[in-house]
Amino acid sequence: MGAQQRVFKQKIRSTSSLRKIFKAMELIAASRIQKAIARSQSASPYANALTRAVSAVASESNVDHVLTTEPESVTRAAVLVIGPDRGFAGAYSANLLREAEELNRLLRSEGKDVSLFTVGGKAKNYYTFRDRAIEQSWTGISEMPTPENAREIGEALLQSFNTDSAQTGVDEIYIVFTKFVSSVKHDPEYRRLLPLEVVDADEVATGGTSEPAKDGAAFPLYEFEPSAEAVLDSLLPRYIDSRILSALLSASASEQASRQAAMKTATDNADDLIKTYTRLANTARQAEITQELTEIVGGADALAASSAGD
């Protein structure tokens, strides 16, 4: 075997080994994505119902609660960036971090300091590499987030929110994550988590839309026990946890969908490379055979000429 053939054979073997890894990761992501989608969809009804309940209590009670009242001046904002722990997901991490950087620039242009909280190793490494201070980070939970993880993150954010901004506290909390739309569409976006943007009672009665209630349905009257403020104190932490869990689950589904698509593309590219290297190896083999035949024929002619001369 010639030198060129050995080079191409080695490339074929290495590409075939990588293809096996890409294919395995594609199958693993395909098996996990349906579970991630199901978990995200199952959490949505509870989160939506809790949102309507919080909005109803806040709009009907007219209580000035710390979590629903707009501060007079905002000097510091917390940004929670929900990213993946692993790579091999195409442009998933890059698009998310680009959205987070746009939010950071917007907040700084408004004269606000930014306090960073991160989920996932990719977001943590991104800001650590750039010497950006991170208040708190969570890793190892991006693919299988649990309600306990959401509660831990929510408690840390609420503690920072309840601390005075002059003492490293924050006046606003934003969350940046990738919203899962479908297996081929998932868009990074950011939302303000606190203070709550409470919708009007009419909008709550119609499910959060601006259309009037059908059939003249009136918004129900509530009596709060022991008080509206106590009800809000109980509901709002659960609301924060549900919003964070919903974002974590949506990001998890988006991550698996992105990884499946990226690994499918990598597998297809590996197949194309193997075909190309195989064709080049065959061409090199044919060239070597042709050269050997030419040398044999040339040698035979030389021997025949030498014999005739004798």
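The values are calculated or read from the model by the stated rules, or taken from the named source; none is laboratory data. This structure is a prediction, so every number in the text was calculated from the model and none was measured. Here the Cβ is made from the backbone with ideal geometry for all residues, glycine too, and neighbour counts use every protein chain on show. Note: areas computed on protein heavy atoms with side chains; ligands, DNA, RNA excluded. Shrake-Rupley method; radii C 1.70, N 1.55, O 1.52, S 1.80 Å.
Laid out as a table, the results:
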read-out: Share antiparallel - DSSP beta bridges, the chain, percent rounded to 5; value: 35 percent
read-out: Rounded accessible area of TYR239 (nearest 10 Å², 1.4 Å probe); value: 30 Å²
read-out: Efficiency of FRET between THR168 and ARG238 - r from beta-carbon atoms, R0 25 angstrom, step 0.05; value: 0.45
read-out: Expected-Rg normalisation [2.2 N^0.38 Å, Cα atoms] applied to the chain; value: 1.57
read-out: DSSP-loop GluC sites (Glu not before Pro) across segment 92-133, with at most 14 other Cβ within 10 angstrom; value: GLU110
read-out: Of VAL297, VAL119, VAL54, the one that fluctuates the most in a GNM where the chain has Cα springs shorter than 10 Å; value: VAL297
read-out: Per residue solvent-accessible surface (Å²) - the chain, probe of 1.4 Å; value: 55 Å²
read-out: Long-range HN-HN contacts of LEU193 with modeled amide H, under 5 Å; value: ILE173, TYR174, ILE175
read-out: Nearest-ten-degree value, helix 147-162 long axis tilted from longest Cα axis of the chain; value: 60 degrees
read-out: Distant-in-sequence amide H partners of VAL181 (H built 1.01 Å from N, under 5 Å); value: HIS186, ASP187
read-out: Listed residues SER242, SER115, SER17, most fluctuating in the chain (Gaussian network, C-alpha, under 10 Å); value: SER17
read-out: Sequence of MET144, MET263, MET25 from largest to smallest accessible area, 1.4 Å probe; value: MET144, MET25, MET263
read-out: Per-residue SASA entry for THR128, accessible area with 1.4 Å probe, Å² rounded to 10; value: 80 Å²
read-out: Where PHE161, PHE22 fall by accessible area, highest first, once all protein chains stay in place (1.4 Å); value: PHE22, PHE161
read-out: Amide hydrogen neighbours beyond the local backbone of VAL81, cut-off 5 Å, H modeled; value: PHE117, THR118, VAL119, VAL176
read-out: Relative packing of 150-158, 180-188, which averages over residues the other C-beta atoms within 10 Å, highest first; value: 150-158, 180-188
read-out: Accessible-area order (highest first, 1.4 angstrom probe) of the listed residues ASP171, ASP268; value: ASP268, ASP171
read-out: Surrounding net charge for ARG6, when Lys and Arg each add one and Asp and Glu each subtract one, Cβ distance under 13 Å; value: +3
read-out: Folded to 0 to 90 degrees: helix 228-309 orientation relative to the chain principal axis, Cα; value: 10 degrees
read-out: Three-way shape call for segment 1-122 based on the alpha-carbon gyration tensor, with the a/c threshold at 1.5; value: oblate
read-out: Percentage of interatomic Cα-Cα distances in segment 56-189 larger than 20 Å; value: 51 percent
read-out: In sequence order, calculated HN-Hα J values of segment 105-116 (Karplus, 6.51, -1.76, 1.60; Hz; x Gly/Pro); value: 5, 5, 5, 5, 5, 8, x, 10, 7, 10, 10, 9
